[in-house]
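Remarks on the structure that follows.
The values are calculated or read from the model by the stated rules, or taken from the named source; none is laboratory data. All values reported here derive from a predicted model rather than from experimental measurement. Glycine gets a Cβ as well: all are built from the backbone with ideal geometry, and neighbour counts include every protein chain shown.
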Ligand code: FAD
């Protein structure tokens, strides 16, 4: 009987008892509670937010933050939760990433004490859903070119602009919106825009072929007044949104290994059962080569994110290191999904198996949180000292 890949390389022995307990509880929820409702959510193009209270109970919302009702997990523990969520669907992991890393993190890191007390406990309990508004119709990889403006008035700011591709936006009770208070990127500030503020709306985006079990929307800001009490006091400039993205990208590097594992497990099991030319297709060298390529990528990915977790816990993790991990792990996952699809032959395109859904989801993950190309340029700049961005 073959050993599971992660046991073969003693990967699971890397985790502490506590990390394994968290992993197991998230795994149970994702596979036993979430997976059964996933196909309907995918067909309806919605995130099943009726499960948010249960997701919150797992401690995965703002899992790495300390205080304010958050679980205060270490980096590898948090990473394992992301992996287990994405083993089932990238949309589920995206929900948790946006809530924790993109919305709760900036409030925790850059918010006032009053803002932390006001928002974080409710967000950790899943009573308040957050979204992160950076991307605009004409500003994607180059967020410094954003057009959304915040004009200072008595007692606050008036926001005008439009954000696009915003995960969770249609159901969010709070949006962390990044806007310029002046002409250049150094004037960018973070605003906590609450549902019910006049001039704030979040039309839903339809027609996705990827991350269908996830809410995606626009944010329209039309003369939206945001009081001074809702401006993040602790950061200004692109550093604000970019530091949130570093947090989220770390979780993505871990998470996509879950999608890759799901595809790998499916392909191994299928290849052992499916017979052609009188024997299981697992017995053909070409099939084994595909499985071995998948396995190498998945094992290397785990060693990489485990190393980065240690650096993160010690407080020395850099954005460049996270760029390499996001880029590399997503590439591993998408190549694994595409290769697993071929192992399943025609069955690979069917909803009975998770492979095609993962492959479609990973197209979004390849693009969001810094495209593959943008991370290539960030790494190229770090290695050569020459900036090839513009
Ligand atoms: P563009 O920036 O227009 O890029 C198009 C292509 O050009 C890409 O291949 C890119 O790599 C390439 N390119 C651009 N510049 C260069 C360069 N200098 N050199 C070489 N190639 C280059 N955004 C949010 O703010 N909040 C969210 O919650 C959010 N959720 C998302 C959910 C989904 C499902 C998706 C698909 C996107 C989401 N995004 C979100 C937006 C995402 O972050 C952007 O799509 C991403 O930053 C890329 O921007 P763009 O799509 O405008 O592509």
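Things to note:
- Among the criteria (1) free of Cβ contacts under 8 Å to residues at least 40 places away in the same chain; (2) touching a helix residue (DSSP H, G or I) at 6+ places or on another chain (Cβ under 6 Å), the one residue 182 does not fulfil is (2).
- Condition met for residue 309 (away from the ligand (no atom under 16 Å from the Cβ), more than 22 Å from residue 65 (Cα to Cα) and either in contact with a strand residue (DSSP E or B) (Cβ under 8 Å, 6 or more places away or on another chain) or in a helix (DSSP H, G or I) (or both)): no
- Exactly one residue out of 171, 177 is farther than 21 Å from residue 137 by Cβ and within 25 Å of the chain's Cα centre (by Cα), and it is 171.
- Selection status of residue 18, touching a residue at least 24 places away in the same chain (Cβ under 8 Å), farther than 18 Å from residue 98 by Cβ and more than 20 Å from the chain's Cα centre (by Cα): yes
- When the criteria are applied in full, residue 191 meets the requirement of being assigned to a strand (DSSP E or B), touching a helix residue (DSSP H, G or I) at 6+ places or on another chain (Cβ under 9 Å), modelled with pLDDT of 95 or more and more than 30 Å from residue 34 (Cβ to Cβ).
- Filtering 201, 186 for residues that are away from the ligand (no atom under 13 Å from the Cβ), over 17 Å from residue 109 (Cα atoms) and touching a strand residue (DSSP E or B) at 6+ places or on another chain (Cβ under 6 Å) leaves a single hit, 201.
- Among (1) in contact (Cβ under 8 Å) with a residue 40 or more places away in the chain; (2) away from the ligand (no atom under 16 Å from the Cβ), the one test that residue 379 misses: (2)
- Checked against the criterion of being outside the structural domain of residue 80 (by TED's automatic domain parsing) and closer than 25 Å to residue 165 by Cβ, the candidates 370, 380 yield just one match: 370.
- From 139, 94, 90, residue being within 12 Å of the ligand (Cβ to nearest atom) and in contact with a strand residue (DSSP E or B) (Cβ under 8 Å, 6 or more places away or on another chain): 94
- Selection from region 47-68 of residues that are within 18 Å of residue 312 (Cα to Cα) and surrounded by 20 or more Cβ atoms within 10 Å (Cβ to Cβ): 60, 62, 63, 64, 65
Quick grid of which residues meet (1) touching a helix residue (DSSP H, G or I) at 6+ places or on another chain (Cβ under 7 Å); (2) assigned to a loop (DSSP other than H, G, I, E, B); (3) surrounded by fewer than 17 Cβ atoms within 10 Å (Cβ to Cβ):
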| site | (1), (2), (3) |
| --- | --- |
| 176 | yes, no, no |
| 206 | no, yes, yes |
| 213 | yes, yes, no |
| 217 | yes, no, no |
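- Selection count, region 334-363, where residues are buried (at least 21 other Cβ atoms within 10 Å of the Cβ) and assigned to a loop (DSSP other than H, G, I, E, B): 2
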